[in-house]
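Note sheet for the following structure.
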Amino acid sequence: MYLTIILMLVNFVKTLFILAIIYFGIKLFSRYVLPFLVQKGVKNMQQKMQDQFREQQGSTKPEGDVTIETKRNNQKTNSSDKGEYIDFEEVE
């Protein structure tokens, strides 16, 4: 009887020890590793944004050059393609 109680206590202490290791592992990971990963992700995103901005700025025309851009309407409207209009009356 005493042996079973001792074995139960040993297993309980093992379980508490494993849970404590997991808790402190997550705590250390979130304190030291996670901020490093977030900072690296932010730097990569910032670099992509800067590259995109430089690409956009490089494609602009020099200052003083005047250009007029108009939207071209490439869609041709053809009345025969629209179908036939049918007038209808309500039936009571």
Is one or more of the residues making up segment 55-76 part of a helix (DSSP H, G or I) and modelled with pLDDT of 80 or more? yes
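Per-residue answers, yes or no, for (1) among the acidic types (Asp, Glu); (2) loosely packed, with under 10 Cβ neighbours inside 10 Å; (3) at positive phi; (4) out of contact with any Gly (no Cβ under 7 Å at 6 or more places or on another chain):
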site: Thr4; (1), (2), (3), (4): no, yes, no, yes
site: Thr15; (1), (2), (3), (4): no, no, no, yes
site: Ile18; (1), (2), (3), (4): no, no, no, yes
site: Ile26; (1), (2), (3), (4): no, no, no, yes
site: Arg31; (1), (2), (3), (4): no, yes, no, yes
site: Val42; (1), (2), (3), (4): no, no, no, yes
site: Gln46; (1), (2), (3), (4): no, no, no, yes
site: Asp51; (1), (2), (3), (4): yes, no, no, yes
site: Pro62; (1), (2), (3), (4): no, yes, no, yes
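The values are calculated or read from the model by the stated rules, or taken from the named source; none is laboratory data. This structure is a prediction, so every number in the text was calculated from the model and none was measured. A quick note on method: Cβ atoms are made from the backbone with ideal geometry, for glycine too, and the neighbour counts reach across all protein chains shown.
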